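Visitor: Just passing along the structure, written as structure tokens.
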Amino acid sequence: MARTAGSHSDITGPRVLDAALRLFARHGYAAVSMRQIAKEVGVQAGALYNYTPDKQSLLFDLMRRHMDDLLASRAERRRTGSALEKLEDFTRFHIRYHLDRSDEVFIAYMELRNLTPENFAEIEALRREYENELEAILRQGEEEGVFAPADTRIETMAVIAMLTGVTTWYRVEGRLSADEVERIYWDMVRKAVSV
């Protein structure tokens with residue numbers, strides 16, 4: 001559908017995504033209507049279709065944006081070295097990256113069930129790319145004799161679930177700083193996979 005003359009798609013388009021993010025995280029994808037998103041943005045419901053074909057596309061775009069940003073940030077930071085050094089870096093990166101993105105994390109994990117099969121397959125491939133890095137680190141540690149995973153795939157998923165869980169309880173005004181949380185979680189991850 002053509003954009004309305006005089007509209008500001010470069011401003012309104014991102015506002016539509018941000019509104020959908022807030023509402024999906026607060027109420028859940030299934031409970032949010034396009035009308036609610038339009039109200040949050042401050043446009044007529046019909047105007048939303050100038051920026052997105054449907055609600056499914058919004059959900060997919062939010063997840064895709066989250067995964068693309070995560071993978072790009074990780075690629076910039078990725079380190080070489082021993083498996084222990086790489087695992088510490090991965091652990092600290094994951095926590096720090098996700099702490100400020102609790103809404104994105106919630107949607108990325110809790111709303112997968114609402115994706116169409118085609119969209120799910122694309123997001124799952126991106127998630128697998130991220131998970132594969134951790135699994136490779138665990139395999140390297142096994143080869144170096146410093147990690148003893150019973151099953152590297154299961155341990156990969158368990159570590160990511162543990163690290164991602166920080167976003168459900170951590171608060172900036174809480175008793176622990178982000179640095180302290182990173183240190184504690186790194187210690188737990190190291191002990192969980194070490195020989």
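The values are calculated or read from the model by the stated rules, or taken from the named source; none is laboratory data. In this text, all values refer to a predicted model and were calculated from it rather than measured experimentally. So basically every Cβ, Gly included, is an ideal-geometry build from the backbone, and we count neighbours across all protein chains shown. Ligands, DNA and RNA are stripped out before the accessible areas are found, and what is left, the full protein with its side chains, is counted by its heavy atoms. Shrake-Rupley method; radii C 1.70, N 1.55, O 1.52, S 1.80 Å.
Visitor: May I ask you to list pairs of residues, at least six apart or on different chains, whose Cβ atoms are under 7 Å apart, with the first in the stretch 181-193 being without any contact (Cβ under 8 Å) to a residue 24 or more places away in the chain and the second being open to solvent by less than 60 Å² (accessible area, probe 1.4 Å) and assigned to a helix (DSSP H, G or I)?
Guide: The qualifying pairs do not exist here.
Visitor: So, in the stretch 27-54, how many residues would count as being assigned to a helix (DSSP H, G or I) and touching a residue at least 24 places away in the same chain (Cβ under 8 Å)?
Guide: Going through the stretch 27-54 one residue at a time, the tally reaches 7.
Visitor: Being of a type in the set (D, E, K, R) and in contact (Cβ under 8 Å) with a residue 12 or more places away in the chain is the filter here, so list the residues in the stretch 146-171 that pass it. Spell out the reasoning first.
Guide: Kept after step one, since they are of a type in the set (D, E, K, R), are these residues of the stretch 146-171: 151, 153, 155, 171.
Matches in the stretch 146-171: Arg153, Glu155.
Visitor: Considering the stretch 136-156 alone, what residues qualify as being among the aliphatic types (A, V, I, L, M) and open to solvent by 50 Å² or more (accessible area, probe 1.4 Å)?
Guide: Here is the first cut: in the stretch 136-156, the ones among the aliphatic types (A, V, I, L, M) are 136-138, 146, 148, 150, 154.
The answer is Ala136, Val146, Ala148, Ala150, Ile154.
Visitor: Please find, among Val166, Val159, Val195, Val189, the residue that is of a type in the set (Val, Ile, Thr) and open to solvent by 50 Å² or more (accessible area, probe 1.4 Å). If you could, list the steps in order and put the result at the bottom.
Guide: On the way: Val166 fails: open to solvent by 50 Å² or more (accessible area, probe 1.4 Å); Val159 fails: open to solvent by 50 Å² or more (accessible area, probe 1.4 Å); Val189 fails: open to solvent by 50 Å² or more (accessible area, probe 1.4 Å).
Val195 is the lone residue from the list that is of a type in the set (Val, Ile, Thr) and open to solvent by 50 Å² or more (accessible area, probe 1.4 Å).
Condition check ((1) within 28 Å of Ser177 (Cβ to Cβ); (2) at pLDDT below 95; (3) in contact with a Gly (Cβ under 8 Å, 6 or more places away or on another chain)) across all residues:
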| residue | (1), (2), (3) |
| --- | --- |
| Ala5 | no, yes, no |
| Gly42 | no, yes, no |
| Pro53 | no, yes, no |
| Phe60 | no, no, no |
| Met63 | no, no, no |
| Asp68 | no, no, no |
| Arg77 | yes, yes, no |
| Arg92 | yes, no, no |
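Visitor: Same structure again: Does the stretch 95-125 hold any residues that are closer than 18 Å to Ile154 by Cα and modelled with pLDDT of 95 or more, and which are they?
Guide: Of the residues in the stretch 95-125, the ones closer than 18 Å to Ile154 by Cα are 109, 124-125.
Correct list: Glu124, Ala125.
Visitor: So, one more: Go through (1) among the charged types (D, E, K, R); (2) closer than 24 Å to Leu23 by Cα; (3) open to solvent by less than 60 Å² (accessible area, probe 1.4 Å) and name the single condition Glu133 misses.
Guide: Going through (1) among the charged types (D, E, K, R); (2) closer than 24 Å to Leu23 by Cα; (3) open to solvent by less than 60 Å² (accessible area, probe 1.4 Å) one by one, Glu133 breaks only (2).
Visitor: Hey, among Glu88, Glu135, Glu124, which residue is touching a residue at least 24 places away in the same chain (Cβ under 8 Å) and either part of a helix (DSSP H, G or I) or touching a Cys at 6+ places or on another chain (Cβ under 8 Å) (or both)? Show your work before the answer.
Guide: Details: Glu135 fails: touching a residue at least 24 places away in the same chain (Cβ under 8 Å); Glu124 fails: touching a residue at least 24 places away in the same chain (Cβ under 8 Å).
The match here is Glu88.
Visitor: With the structure loaded, tell me whether Glu104 is in contact (Cβ under 8 Å) with a residue 60 or more places away in the chain and open to solvent by 60 Å² or more (accessible area, probe 1.4 Å) or whether it fails that test.
Guide: Working: in contact (Cβ under 8 Å) with a residue 60 or more places away in the chain: yes; open to solvent by 60 Å² or more (accessible area, probe 1.4 Å): no.
When the stated conditions are applied, Glu104 does not pass them.
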